[in-house]
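See structure below.
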Amino acid sequence: MSSITADGQATHAHTSNEFGVGEFITTYVFSRDHKVIGLQFLFSTLLWFLIGGLLAIGIRWQLAWPWSDMPVIGPMLFSAEGGQISPEFYTMLFTMHATVMTFLVIIPILAGAFGNYLIPLMIGADDMAFPTLNMLSYWVMWPAFLFFGGSFFVAGNGASSGWTSYPPLSSISEAAPGSGLAQTMWLIALTCVGISSMMGSVNYMTTIIQMRAPGMTMMRLPMTIWGMFITALLQAFALPVLTAAGFMQLADRMFGTGFFVPEGLIVNNSEMAAGGGQPLLWQHLFWFYSHPAVYIMILPAMGMVSDILACFARKPLFGYKPMVYAICGIAGLGFIVWGHHMFVSGMNPGLGMTFMVATMMIALPSAVKTFNWLGTIYGGKIQFTTPMLFALSFVLMFVIGGLSGIFMAATPVDIFIHDTYFIVAHFHYVLFGGTAMAVFGAIYFWFPKMFGRMMNEPLGKVHFLLTFLFMNGTFFTMHILGAVGFPRRLADPYHYETFRHLLPMNQFMTICAILMVACQIFFIVNFFYSIFFGPKAGRNPWHANGLEWQAPSPPGHGNFDFQPIVYRGPYEYNSPEVDEDYYPQTQPPNQRGDTDEPATMVNH
Amino acid sequence: MADNSIDHLFYVILWMTGLVFIGTGLAMFWFLWKYDEKKNDGPVWYSHGSHLLEIIWSVIPAVVILFLAIYQMDAWAGARMRRPMLENGQPKPAMARVIGRQFEWKIQYPGDDKQFDTPDDLYTTNDLHVPRDEEVVLEITSEDVLHSFFLPNFREKQDVVPGMKQFLWFKPVKDGKYDIVCAELCGWGHYKMKGRITVESASDFRAWLQKAYDEQELSEYSLAEAE
């Protein structure tokens, strides 16, 4: 660990004309500062979030007004068909919507953006353990951006085997003629994302284990850091499997191997040469990573929500240790439940029973977390700020998403609801209602630290309210569709009589989805306006306890302008030992704290 | 399906989760209303947690969940493990073979000799007929990519995997024509991979088999004639 270079905000605030071109590039482009890398991840992922959202609107448009002319986009892309989309294009839409949202938005925004930005600040380190590796973990995302982005434009219609890329459809080019090169590019991009995550996770683990400030024991870490730490462990252990499987599928596509291709296939009336493989093998390997990945997509969000809830309830987090154990329990169980994605796949039904019991057991740590969050707000003095509203909605939406998971964990019920909109409802409640709402809350919460200015509260509340309403309008309805058996991934479900009467409900959902995307304009305006014109935030605008709030806003290179020493856990709100309702981790016991000057400054 | 076990389990879970959701939701909104900073002028409850509460809310969900898991097992075994038997104790042979391919369901009946791939087999496309009130066993497979044989009205679904021969069984109870849906992405034409299952009385079923077979023979004869 290098020594703390204590140049604070004042010495860091160069004006742009002091920079040469080379210095600009090393400071803001190929930067090794964890904060710049974190912000690079944040801006990139927010941009992809918008792209993923628009892809979703494309899906919804087709489901509400099938084969009608798509406004604006239709005439541009499909003038030959008179403006209506093709089934190939629809297949690409849902494949790329899921791909973008999973691999380019949720995982990198949690681990890449918030992990990078917060880990050193919250544990009192000056940077990550391996700054160059950290820089590479961002820049290796760019080949992924380019390959995923490029796959829209090569071949016929882009990658279209679903985000799960099940063979043989994905590994035999003849099976999906429109996505020849695109599917190969998709696999290469996936590998790049995996490399990036792996570099990040190694770095996070080392940093959290090795570089904590004096006094910062593991049991004094904020929940955000616990979430990030366990996530890094999950990635380190699960990702190699996906990467290996990806290479096997690439070999199947490019070199004629047959890992996932059985013998004697007749595709498009021509006989396939390769053989001897098993399509189910891919599913096992894929879900061995991608189920833990589901927790990679929620554990950091749970951590951030715990921090926000405690701060604005002005109360210690209820049950800190059980919360830590619950995160570990979720992660541990997460490794032995991948088979619940395969209950109807043809896997041995005896295995199905084992996976069912393990899966249902995950409800247990989830329940512990939920009840502890409720315990945290019980008896507090709740401040309804925008981040708090988002964090509260996370809890409520996570309850819905968690409970609906019990339906599909039950194997017999899953026979019916598997691959229906019930599943779509479930994971959108966890990923959008849960993680995305937590991410919004986290942006509102840590924005003052990132940019030194506050976001606008009324605009933030409007953004919250509209997003919350339209989200439920879009996704709750999916449960009802799923209970009827409405399948996913059909370009025209109304082809079947069983589902024809569900058209009006789909139109309602589409209108809600369009409005949900539209109301993000409140967020975009607020975000960019506040970066430049928001009221200046001090070091600690929320009167929070964490170490990051003792650093300048924004922190200069090296983060802290004093050596932080930690005396207690991060949740000592309204402690009887002090007069204020907060008690920063760095404040020596029985010294009166000052609102905007870290108490340990005297040591400097 | 003969029994309504899947529907029953669905509603059991719906009631349980529904009650839990309403309970947590009410508790949350009550706390938010009661402990609003503007309303609550009492002191904050300075507490780091309660050992007893943690045990209570770990053990109770654990018991409920374990009960739910065990309660599901019989229906799962019935749907996937207890294949219908003949009187002599042998597993009941398949009434028909269903082969998925891009983008249609090929259906093959074994004919009078009860053997597949013999000259008296009957071939249809997307048109499956089954007799009412009888355990129907189907053999399903695929000749190209993954498909999923989904009968929404029968609460029955099984992925169709190339290179794997699988059996599924159900007992139709009501006459009518229902959809066969493909529920696993199988390519651009996935949405139109639509079949139809017709449930009819045993005598109607036998009459249909005979008629379809006769038509098939006739067309083969006339084809040969034309050459």
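The values are calculated or read from the model by the stated rules, or taken from the named source; none is laboratory data. Note that the structure is a prediction, hence the values are computed from the model and not measured. Virtual Cβ from ideal backbone geometry, glycine too; neighbours counted across all protein chains shown. Note: areas computed on protein heavy atoms with side chains; ligands, DNA, RNA excluded. Shrake-Rupley method; radii C 1.70, N 1.55, O 1.52, S 1.80 Å.
Computed values, structure above
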{"item": "Single condition B:Tyr109 does not satisfy, out of (1) open to solvent by 30 Å² or more (accessible area, probe 1.4 Å); (2) more than 14 Å from chain A (Cβ to nearest Cβ)", "result": "(1)"}
{"item": "Within segment A:132-171, considering residues that are hydroxyl-bearing (Ser, Thr, Tyr) and within 27 Å of A:Gln40 (Cα to Cα), the one farthest from the other protein chains (Cβ to nearest Cβ)", "result": "A:Thr132"}
{"item": "Hits in segment B:113-138 - residues which are within 18 Å of B:Arg196 (Cα to Cα) and open to solvent by less than 10 Å² (accessible area, probe 1.4 Å)", "result": "B:Leu122, B:Leu128, B:Val130, B:Pro131, B:Val136, B:Val137, B:Leu138"}
{"item": "Lone unmet requirement of (1) under 30 Å from A:Ser170 (Cα atoms); (2) more than 8 Å from chain A (Cβ to nearest Cβ); (3) polar (S, T, N, Q) for B:Gln115", "result": "(1)"}
{"item": "Test: A:Gly339 is without any contact (Cβ under 8 Å) to a residue 60 or more places away in the chain and surrounded by 20 or more Cβ atoms within 10 Å (Cβ to Cβ)", "result": "yes"}
{"item": "From B:Gly163, B:Gly189, residue being touching a Phe, Trp or Tyr at 6+ places or on another chain (Cβ under 6 Å), of a type in the set (Gly, Ala, Ser) and farther than 19 Å from A:His418 by Cα", "result": "B:Gly189"}
{"item": "Exclusive hit being in a helix (DSSP H, G or I), surrounded by fewer than 24 Cβ atoms within 10 Å (Cβ to Cβ) and in contact with a Leu (Cβ under 9 Å, 6 or more places away or on another chain), set A:Thr95, A:Thr132, A:Thr102", "result": "A:Thr102"}
{"item": "Residue ID - modelled with the lowest pLDDT, chosen from residues in segment A:163-177 that are assigned to a helix (DSSP H, G or I) and open to solvent by 20 Å² or more (accessible area, probe 1.4 Å)", "result": "A:Pro177"}
{"item": "Of all residues in segment B:23-52 being more than 7 Å from chain A (Cβ to nearest Cβ) and part of a helix (DSSP H, G or I), the one that is farthest from the chain's Cα centre (by Cα)", "result": "B:Lys34"}
{"item": "Counted residues, segment A:383-415 - those being buried (at least 24 other Cβ atoms within 10 Å of the Cβ) and either charged (D, E, K, R) or not in a helix (DSSP H, G or I) (or both)", "result": "2"}
{"item": "Options A:Thr467, A:Thr498: the member that is modelled with pLDDT under 95 and over 14 Å from A:Ala64 (Cβ atoms)", "result": "A:Thr498"}
{"item": "First in segment A:344-362 and farther than 14 Å from B:Val161 by Cβ, second anywhere and of a type in the set (S, T, N, Q), Cβ under 6 Å, 6 or more apart", "result": "A:Gly352/A:Thr411; A:Met356/A:Thr411"}
{"item": "A:Thr474, sole failed condition from (1) at pLDDT 95 or above; (2) over 30 Å from B:Tyr11 (Cα atoms); (3) surrounded by 19 or more Cβ atoms within 10 Å (Cβ to Cβ); (4) hydroxyl-bearing (Ser, Thr, Tyr)", "result": "(2)"}
{"item": "Members of segment A:318-330 that are more than 8 Å from chain B (Cβ to nearest Cβ) and either open to solvent by less than 10 Å² (accessible area, probe 1.4 Å) or touching a residue at least 40 places away in the same chain (Cβ under 8 Å) (or both)", "result": "A:Met323, A:Val324, A:Tyr325, A:Ala326, A:Ile327, A:Cys328, A:Ile330"}
{"item": "Residues that are closer than 22 Å to A:Ala410 by Cβ, facing another protein chain (nearest Cβ under 9 Å) and touching a residue at least 24 places away in the same chain (Cβ under 8 Å), drawn from segment B:155-194", "result": "B:Arg155, B:Glu156, B:Lys157, B:Asp159, B:Gln166, B:Val181, B:Ala183, B:Glu184"}
